[in-house]
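Have a look at the structure below before the remarks.
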Amino acid sequence: MKNKIRLLLLIFLIISIGGCTPKGCSFLPKTSLTIIQYHLEKSVDEEEGVLTAQIEGVARNDGSAKLEYAEVIGKFYNQDGTLLATGVAKTTSEEPEGEEEKYFTLDPGQIWEFTISYSSAAREAHPSLKIFSYHLEKDSSKAKIVGQAQNDGDVMLSFAQITGNFYQGEAHPSLAILSCNLEIDGSSAKAVGEVQNDGDVMLSLAQITVTFYDVADSELATGTASVVDLEVGGTREYTVFYPGSYYGEVDRVIAEVTSTEYDEEETLLASSTASTTDLEVGETWDFSILYPKEDYERVEYATAEVDDDSLDYAVETCYEPAEQVDHVTAKVGTLKGSTVMP
């Protein structure tokens, strides 16, 4: 009878030490860490003169096991709720750089004061400049493009540039025949002469057709010559050989322009730029681009566009400074407890 009583007391003692739950009994020490409180702390680093941020808090070992390792994970957010950085506090002793980390333990009920420092990690920058509006202004002495743009990227622009293009209105291509003369030698007949671009746009291609006549004023044959890339006011010589077999029959020639072509972009009179520096995120810029030539009265319309390749920013602005931190969170991370009964 006494032996039975002793056995029952032993079982009761084991259950009391290990603890039972509705799901069953456990005879191993329980690991648990409770964060009692934490808050965001900001201060100025006296040596660096910059604002720093950290999470300062208190945690307690609420389990029955000694914690051989514990960690708290902290997250830093800006005012919009964007995660800026994540940090971890570990139960490690501060050791000189290069030495192996040494961990300290937390006994059941022991308090741990932890700190998680904010580290501004590099992020990818997205520089951008958006033109809100622009229009052409002309008066008695000049023409200019005026408008407004905004830094709609996520990084301060140390340099940005806008290009303005000034155009004339409807183009009037034209090529004038200045001369056309017949030349006959011992082996051929040919028409030689000179033409001039008397229009208001550069000719990318023009064709001259020469007609050869005999003494009876009958048409014998025709030939063509082409000129390319002839500037406004420019002149060019041309030559057209008689394509027939009996060049001795040729008595006179007549030349005429049969086609003129131009690149629509050639209605562009001039281009100029405006630039700015140190444009903050969200800041607007009132820009003005002056027409760089004297024939401003020819300008009829204009366009403005951002030179994306010109957008530049300082690398250090790709880091989120501590003043961006608005609120933080903290939660328990990995725990490793001793399997030995305390």
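The values are calculated or read from the model by the stated rules, or taken from the named source; none is laboratory data. Fair warning: this is a prediction, and the values are worked out from it, not measured in the lab. All Cβ positions, glycine included, derive from the backbone under ideal geometry; neighbour counts span all protein chains shown.
Results for (1) in contact with a Pro (Cβ under 8 Å, 6 or more places away or on another chain); (2) within 30 Å of Ser117 (Cα to Cα); (3) not aliphatic (A, V, I, L, M), shown as yes or no for each residue.
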residue	(1), (2), (3)
Arg236	no, no, yes
Pro243	no, no, yes
Leu268	no, no, no
Val281	no, yes, no
Leu311	yes, no, no
Val328	no, yes, no
Val332	no, yes, no
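Number of residues in the range 215-255 that are surrounded by 13 or more Cβ atoms within 10 Å (Cβ to Cβ), under 19 Å from Asp185 (Cβ atoms) and either charged (D, E, K, R) or not assigned by TED's automatic domain parsing to the domain that holds Cys180 (or both) equals 3.
Of note, Thr91 does not satisfy the criterion of being modelled with pLDDT under 90, among the β-branched types (Val, Ile, Thr) and within 26 Å of Gly333 (Cβ to Cβ). In the condition set (1) within 30 Å of Pro127 (Cβ to Cβ); (2) out of contact with any Phe, Trp or Tyr (no Cβ under 7 Å at 6 or more places or on another chain), Gln168 is compliant with all but (1). Only one of the numbered conditions (1) at pLDDT 85 or above; (2) in contact with a Phe, Trp or Tyr (Cβ under 9 Å, 6 or more places away or on another chain); (3) of a type in the set (D, E, K, R) is violated by Arg123, and that is (1). Only a single criterion out of (1) touching a Pro at 6+ places or on another chain (Cβ under 9 Å); (2) over 16 Å from Ser188 (Cβ atoms) is not satisfied by Phe212, namely (2).
A single member of Asp309, Asp286 is farther than 30 Å from Ser141 by Cβ and not in a loop (DSSP other than H, G, I, E, B), and it is Asp309. For the condition on the phi < 0 side of the Ramachandran plot, in the same structural domain as Tyr291 (by TED's automatic domain parsing), surrounded by fewer than 16 Cβ atoms within 10 Å (Cβ to Cβ) and in contact (Cβ under 8 Å) with a residue 60 or more places away in the chain, what is the one hit in Asp139, Asp152? The unique qualifying residue is Asp152.
Checked against the criterion of being assigned by TED's automatic domain parsing to the domain that holds Lys331 and buried (at least 17 other Cβ atoms within 10 Å of the Cβ), the candidates Lys42, Lys66, Lys75 yield just one match: Lys66.
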